[in-house]
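Structure first, commentary second.
Here, each number is a calculation from the coordinates, and none is a lab measurement. Not measured: the values here are computed from a predicted model. Here the Cβ is made from the backbone with ideal geometry for all residues, glycine too, and neighbour counts use every protein chain on show.
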């Protein structure tokens, strides 16, 4: 019974996983189809299995740093830098990458020119968007699943440097 008191409540872990999955679904929705209102986004989330309140959706939009913009007035995902290295909402891609790495990265491994990044459930897409948005010259491409990201580097030397860089940023260095 005493040991049960020391463990994190399962409800908290489950809530965090659901939040990450919901936020990944939000990013997926705004990246693949124009979303012009919170109500439209809420309906899309409902069809994806997430029934959210307006307050929760507003909080997620703020945390994901989504902004309305573009010619169609749709929500835009973060970490799409313009020529000056800043996204349309004024946050630098480097700042977004730093935040995403410190919040979501749990492990980084290198195999030849490949870097495998681990996150919590539902967090890989958020981190993948930040890596893509940073447009790191040593990254050829990324592939994000639910809790794993495959980063393809130009060569093994660049992959090793990426692992060191990602781990240092995640540790706040």
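If each residue's Cβ is checked for other Cβ atoms within 10 Å, how do 111, 151, 67 rank with the fewest at the top? Please list the in-between numbers first.
Values: 111 10, 151 28, 67 16.
Going from least to most buried by this count: 111, 67, 151.
With a Förster radius of 25 Å, plug the Cβ-Cβ distance of residue 32 and residue 156 into 1/(1 + (r/R0)^6) and report the FRET value to the nearest 0.05. Intermediate results must be reported in sequence, preceding the final value.
On the way: r = 33 Å, r/R0 = 1.34.
Calculated transfer efficiency: 0.15.
Could the peptides 36-46, 156-166 be put in order, highest first, of the mean number of other beta-carbon atoms found within 10 Å of their residues?
On the way: 36-46: 15.0, 156-166: 17.5.
Output ranking for 36-46, 156-166: 156-166, 36-46.
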